[in-house]
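The values are calculated or read from the model by the stated rules, or taken from the named source; none is laboratory data. Being a predicted model, the structure only gives us computed values, none of them experimental. Ideal geometry is used to build each Cβ from the backbone, glycine not excepted, and the neighbour counts take in all protein chains shown. Keep in mind that these areas ignore ligands, DNA and RNA; they rest on the heavy atoms of the full protein, side chains included. Shrake-Rupley method; radii C 1.70, N 1.55, O 1.52, S 1.80 Å.
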Protein chains: 2
Amino acid sequence: MTTRVGIYGYGNLGRGIELAVNAAEDMELVAVFTRRDPASVKIATSGVTVANVKDVESFKDKIDVMILCGGSATDLPEQTPALAKLFNVVDSFDTHAKIPTHFANVDASAKSSKHVALISAGWDPGMFSLNRLYANAVLPNGKDYTFWGKGVSQGHSDAIRRIEGVADARQYTCPVQSALDAVRSGSNPELTTREKHTRLCYVVLKDGADAAKVEQEIKNMPNYFSDYDTTVNFISQEELDKNHKGLPHGGFVIRSGSTGNGKNKHVIEYSLKLDSNPEFTASVIVAYARAVARLFNEGASGCKTVFDIAPAYLSTLSGEQLRATML
Amino acid sequence: MTTRVGIYGYGNLGRGIELAVNAAEDMELVAVFTRRDPASVKIATSGVTVANVKDVESFKDKIDVMILCGGSATDLPEQTPALAKLFNVVDSFDTHAKIPTHFANVDASAKSSKHVALISAGWDPGMFSLNRLYANAVLPNGKDYTFWGKGVSQGHSDAIRRIEGVADARQYTCPVQSALDAVRSGSNPELTTREKHTRLCYVVLKDGADAAKVEQEIKNMPNYFSDYDTTVNFISQEELDKNHKGLPHGGFVIRSGSTGNGKNKHVIEYSLKLDSNPEFTASVIVAYARAVARLFNEGASGCKTVFDIAPAYLSTLSGEQLRATML
């Protein structure tokens, strides 16, 4: 069975989805939807339709799973419930605090149209969430730690770019090695925000800007930087373009706990080291799109998360093949 | 709902199950079954029945899930299909090559009695298998590596103890750090058996035994040692009892691959560092026993593996709680 996929939104994530769908032998990219003039959008795959979002309804019977690539702030809260009326959908909604509301909205829509929707796929939420759940289930007496990085935070980079005198910027979130080591030792340390991560900034100034003033403004920015030890490096646009244009990311989910009434300690660790955050996120989403198509064919409907999907649904291999090769 | 659990076999694993069931607020230990005289078996929990295995059928309506703690070589191939006729069951069958046959036998039995059976729970097979599957599904273009240790291999320790002149022994399997580093770099190295693990042995000699001869016999033992760099340390029984009586283990599952037609590399790593192999294995099994009870209550039957179980089934938390706290 080939799963016919649509991509709704063609930015970094949409391009990643295109690569991942083309790499999957059981999937076919049918169309890319854009808010822009379709004629102005060049996609990497030849022979695939580029259409305007307002024409999406006419693809109702041509697409098995629509993958939504908009942002969590304003796009997905509207788009996922709306498109779940027409299609099976997958999104990567990542505003953790608003997941319960988003789930309820998408669930109502998907149930009424008898489609399957899967929200919050990716690596956090997504693979990291799975590892938090598994580790908590198998080690009920313990403590969770999540570290992010080293990786580019686009939100923090944007925040720096909004400062007067800044021409361009890239911000890396970095886990603190000594904190990671303490957690891995099984000592279950209490760690403050400042003790877990540092922030490393590469900033290009506009002509005549006051470097000291920009540095202070970054370091004192509430929520984004003031709770962290922040390093600001001023570099040229050429250097930024040469060394800091990638979107690497990653991180660590660690649970440390004990069994035998506290006698025996155990440490469970999951980590990702990613050259391209959007391409890896897209790869996770595409695996879940496979699961969504299968669940729909089995008659399921409503909103799901990664917690609700049996792992076997993600693989192109049969149960028999999986048991023989991976168990 | 409280899940009523039985333990079938009371060795290291059975004692670990007892600890894990007692630590689970939604479970109750009903009985421990032994091939020995029940009066001779002292268990840690007061008020729990110890019964002989030949009386197991009379517990048919008193136990929701029977956890089988026998060995994979001869016990489980007989016991799991037999007990699946009477109970929902979980085992930790770990002879990887024989899993397909075991699955088929257990599946036929569980389907005919309309019970749920879950085989091969633990950490390898088990948590490591899950991580192999997830990593392959989300990173189809890549290469898998599994490293074990540092940990005690009971099979290798037993093999040394069978050598003439050996009074006692403990064998540790150790991953080679440089091989781990090479894999983590994303270079996808080809590694031989010898390059991945070393074997470290602590041996107590009988009076008058020939140390050099014992050392050669260990190092040249086919399958167990001859393909590895093996270090043999001769120590006293006191030192072995003091420093080597624990059963620590662990290991690493790493998948390294790429997206974007090979342009961007990604490394996914899962690792365990366990003070007690049997207690951690038991903790995983007990989480899967929870899932088995739920699946049975939903009307499912037949043989399952960790690949078939949606993660949410393992947790005591509701879907709503999981989404709010772990996604």
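Using a probe of 1.4 angstrom, how much of the accessible area of the range A:157-302 is carbon and sulfur, in percent? The partial results should precede the final answer.
Working: 2880 of 6380 Å².
Percent of accessible area from carbon and sulfur atoms in the range A:157-302: 45.
Quick one: if the Förster radius is 30 Å, what FRET efficiency do B:Glu238 and B:Glu195 give, using the C-beta to C-beta distance and rounding to 0.05? Before the final figure, lay out each step's value.
Values: r = 35 Å, r/R0 = 1.18.
Taking R0 as 30 Å, the efficiency between B:Glu238 and B:Glu195 is 0.25.
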If ligands, DNA and RNA are left out, what is the accessible area of B:Asp107 with a 1.4 Å probe, given in Å² to the nearest 10? 30
Can you give me the long-range amide H partners of A:His115? Hydrogens built in the peptide plane at 1.01 Å from N, cutoff under 5 Å, separation of 5 or more residues or another chain. A:Gly302
Taking the alpha-carbon set of the protein assembly as shown, what are its Rg and Dmax in Å? 27.0, 89
Exam field: A:Arg36 pseudo-label spacings to other copies (7 Å along Cα-Cβ), nanometres: 7.4
GNM on chain B, C-alpha springs below 10 Å: top fluctuator among B:Ala310, B:Ala293, B:Ala104? B:Ala310
Note down the net charge around A:Asn22, summing +1 for each Lys or Arg and -1 for each Asp or Glu among other residues with Cβ under 15 Å from its Cβ. -1
Nearest 100 Å² is fine: what is the total accessible surface buried where chains B and A meet, probe 1.4 Å? 5100
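Can you tell me how much longer the chain between B:Ala73 and B:Asp227 gets when fully stretched, taken as 0.36 nm per residue apart minus their C-alpha distance, in nm with one decimal? If you can, show how the numbers build up before the last one.
On the way: separation 154, 0.36 × 154 = 55.44 nm, distance 2.32 nm.
Separation in residues times 0.36 nm, less the Cα-Cα distance, equals 53.1 nm.
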Going through the DSSP H helices of chain B, which span 20 Å or more along their own axis at the Cα atoms while scoring at least -0.5 as a mean Kyte-Doolittle hydropathy? B:99-113, B:277-297
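Per residue Cα convex hull volume for the range B:222-284, in cubic angstrom?
Working: hull volume 11.2 nm³, N = 63.
Measuring per residue, one finds 178 Å³ for the Cα hull of the range B:222-284.
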Reciprocal of mean inverse Cα separation for the range A:109-247 (Kirkwood radius, Å): 17.6
Starting from 0 in steps of 20 Å, tell me what percent of the Cα-Cα pairs of chain A lands in each bin. 28, 54, 19, 0
Which percent of the accessible heavy-atom area of the range B:15-57 goes to carbon and sulfur, probe 1.4 angstrom? 47
From the P(r) of the range A:1-107, could you give the percentage of C-alpha pairs in the tail past 20 Å? 36
Out of all DSSP beta bridges in chain B, what portion is antiparallel? Express it as a percent rounded to 5. 50
Given +1 on the Cβ of Lys and Arg, -1 on the Cβ of Asp and Glu, and no further charges, what dipole in debye does the range A:79-186 carry about its Cα centre, rounded to the nearest 20? 220
Between B:Ser46 and B:Asp207, what FRET efficiency follows from the Cβ-Cβ distance if R0 is 30 Å, with the result rounded to 0.05? 0.10
With chain B treated as a Gaussian network of Cα nodes joined by springs under 10 Å, which of B:Val292, B:Val90, B:Val53 yields the largest mean-square fluctuation? B:Val53
Beta bridges by DSSP in the range A:145-276, antiparallel share as percent, to the nearest 5: 80
Excluding ligands, DNA and RNA, what is the solvent-accessible area per residue of the range A:1-131 at a probe of 1.4 Å, expressed in Å²? 41
Under a 1.4 Å probe, what is the accessible area of the range B:191-240 per residue, stated in Å²? 57
Treating the point 7 Å from Cα along Cα-beta-carbon as the label, what are the nm separations from A:Thr49 to the other copies, to one decimal? 6.6
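So for chain A, averaging the separation of alpha carbon pairs under 8 Å that are six or more residues apart and normalising by length, what relative contact order in percent results?
Details: 629 pairs, mean separation 67.7, N = 327.
Rounded, it is 21 percent for chain A.
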Along the principal axes of its C-alpha atoms, what lengths does the range B:22-173 span, in descending order and rounded to whole Å? 50, 48, 32
How crowded by other chains is A:279-289, given as the mean number of beta carbons from other chains within 10 Å of each beta carbon? 4
Please report the relative contact order for the range A:82-205, taking Cα pairs under 8 Å with a sequence separation of at least 6, and give it as a percent rounded to a whole number. 20
Inter-label distance for A:Met1 and B:Ser178, nm, one decimal - labels placed 7 Å from Cα along Cα-to-Cβ: 5.0
Ascending list, in nanometres, of distances separating the A:Lys85 label from those of the other copies (7 Å, Cα toward Cβ): 5.7
Give me the percent of DSSP beta bridges within the protein assembly as shown that run antiparallel, rounded to the nearest 5. 55
Provide Rg and Dmax in Å for the range B:181-327, with only Cα atoms included in the calculation. 22.6, 67
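Of the trypsin sites (Lys or Arg not before Pro) in the range A:229-327, which ones lie in a loop per DSSP and count no more than 14 other C-beta atoms within 10 Å?
Of the trypsin sites (Lys or Arg not before Pro), the ones in loops of the range A:229-327 whose Cβ has at most 14 other Cβ atoms within 10 Å are A:Lys245, A:Lys263.
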